[in-house]
1. Give, rounded to the nearest 20 debye, the magnitude of the charge dipole that the range 487-562 has about its Cα centre when Lys and Arg contribute +1 at Cβ and Asp and Glu contribute -1 at Cβ.
2. Using a simple charge model, +1 on the beta-carbon of Lys and Arg, -1 on the beta-carbon of Asp and Glu, nothing else, what dipole does the range 71-131 show about its Cα centre, in debye to the nearest 20?
3. Under the rule of at least 5 residues apart or a separate chain, name every residue whose amide H is placed under 5 Å from the amide H of Thr322.
4. Considering only DSSP beta bridges with both partners in the range 229-352, what is the antiparallel share in %, to the nearest 5?
5. Roughly how many Å is it from the Cα centre of the range 270-306 to that of the range 469-547, as a whole number?
6. Quick one: how many Å² of Ser169 are accessible to a 1.4 Å probe, rounded to 10?
7. Run the dipole for the range 248-377 about the Cα centre, Lys and Arg Cβ at +1, Asp and Glu Cβ at -1, nothing else charged, and hand back the magnitude in debye, nearest 20.
8. Quantify how much of the Cα-Cα distance distribution of the range 99-214 extends past 25 Å, in percent.
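The values are calculated or read from the model by the stated rules, or taken from the named source; none is laboratory data. Predicted model only: the values in this text are computed from it and were never measured. FYI the Cβ positions are ideal-geometry reconstructions off the backbone, even for glycines, and counts take in every protein chain you see. Just the protein is used for accessible areas: all its heavy atoms, side chains included, with ligands, DNA and RNA removed. Shrake-Rupley method; radii C 1.70, N 1.55, O 1.52, S 1.80 Å.
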Amino acid sequence: MGGVEDDEPPSKRVKVASGEPIRILNNSFSLESVNGPLGDSMARPLPSEGDEEMVGSKRIMRKVEFVRIITNALYSLGYKKSGALLEEESGIPLHSSVVNLLQEQVLSGKWDESVATLHKIGQLDETTLKLASFLILEQKFFELLSKEKIMDALKTLRTELAPLSINVSRLHELSMCVISPSHCMSLGFSFEDCLSAKSRSKFLGALQKLLPPTVMIPERRLEYLVEQALNVQREACVFHNSLDHALSLYSDHQCGRDLIPSQTLQVLQAHRGEVWFLQFSHDGKYLASSSNDQSACVWEVSEDGRLSLKHTLTGHQKPVLTISWSPNNKQLLTCGMEEVIRRWDVSSGDCLNVYEKVGFGTISCGWFPDGKRIFAALNDKSICMWDLDGKELECWKGQALKISDMAITNDGKQIITMCKETAISLLNTEAKVETEILEEQTITSFSLSRDSKFLLVNLLNQEIHLWTIDGDCRLIAKYKGHKRSRFVIRSCFGGFEQTFIASGSEDSQVYIWHRATGELVRALPGHSGAVNCVSWNPANPHMLASASDDRTIRIWGLNGVNLKRKEIYSNGSNGAVHYCNGGERRDSGQFVKKSVSCKDAGGAGSGRGMQSLPTSPLLAGRGFPS
């Protein structure tokens, strides 16, 4: 808190009396040997802090601390006269006279005097005193080197830094600077500006992080506290779905339901059959959809939020199960049901390549993050990887079911598939290790979050489970209310910072839950058939798309957006139709895997079932083979 970061490993942190972790500047050193336990001595309060007068409606803030933080904020904002006036009028100094002297000496480059003054503060335990002294003397060492006073710098190293007996490895690095001054650059030190007031001011900020906040209040402490308060309000707001600049200090933050996309802005009609899948591009500028009419459509999102048909992609001989956008949004994959994968140029609508395997059909596909490779699940329960030219690079046997979604994490290391009726596989392609997420019910589909840390799992029993997969796999939330009895229904993350969960439903509605609380915030009627898939625009938290058996796609937005009724429907008459044929066939390889079950599923009612169930007939005929 207050500018003290806590992202370093334990070997690079020490604790002062307050218990707050302290990070050493630029990873420069860690304590290796000190006398006595860390933080045994408590910092004595400033004389002015003896006044325990409390302020605020709840009387939980000390007046002295409150005034000092306000004074600190005034100085930070550049209002020096106002800060000085507040100190004078309140009789509460921002810092003690000793601390003020220390600041002046540091900014003047009086390093020996600074060390002497440091010992006079009287609120520092032995550990903090050594760390702060080391930091000051190290700065002295660097400045002597920059003045080419090599012998003086060497003397400081030997007679002042070394006797502190902390971090021998850092001392060795400093000694290398004497031999090769250019080595200082690798330690984050520049000779060019080391003597400037800006450099010393920056160093003073680093020194401040080592001292207890009762000695020197962290810079911009008030700003930090206010930001925390706003963040707490934002996280507590179930309907928050706007950018942070919408937050105000003048009143408590609370959003209404009107920030959730709930009004149909457009109905897109270009498919001749049921629309099974849709997905926005990563930049939110396009929407792609696929249907059992054996086609896929690419829709362009204009600046005013309207969608128009750009291409109709044809060439598949079977229904198009899924689609996948390339990382740069310039190409698109379409996957025919137990057929082939086609790669399309989004700009022209041309088919660039066809990927297939002799005797087998594809059921899902995706891109590697580098955009140079694609992968697919085949109906022989294998996963294959090709380069863009169609050369098969690798094939892993026995990884996936016929019923399968696929995803890959942002680092490209884990391929995620449905490996059993009740399990999802996280296959590490580098370590050749597989981790399984185990459910008690049959899994019908899943969706990976944008940051690759969470997985949304749709189940046969009309539940959606949220799992964390960053580290140990754990079940952390459940969502209920939608209807699913016969078909594959898909869900997605969405909204501002993916705060919401949206799902299709067989009752022709779109359901939206708050991700953290699990509260159902919206049920959107409008479709006249089952809603098979939903996709939230990643660039616009107020745009949601849904695909239905009624052969339409609905674009949902905020209430109050006025559209002329005659413009709300789009049949895509301006779009071009593109045909594609041909392909290239490759053989597969082998993969030996090591499976590791996820032991800590966590959460009440988390799935533990390991039994392999037969393929449910309820899932057949709706985008997946039986």
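1. Working: 5 positive and 6 negative charges, 29 e Å.
Around 140 debye, computed over the range 487-562.
2. Details: 5 positive and 8 negative charges, 31 e Å.
Roughly 140 debye, rounded to the nearest 20.
3. Amide H to amide H, under 5 Å and 5 or more residues apart or across chains, Thr322 pairs with Cys335.
4. On the way: 28 of 28 bridges.
The antiparallel proportion sits near 100 percent.
5. 18
6. The accessible area of Ser169 comes to roughly 70 Å².
7. Numbers: 12 positive and 14 negative charges, 66 e Å.
With only Lys, Arg, Asp and Glu charged at Cβ, the dipole is about 320 debye.
8. Values: 1168 of 6670 pairs.
So the pairs more than 25 Å apart make up 18 percent of the total in the range 99-214.
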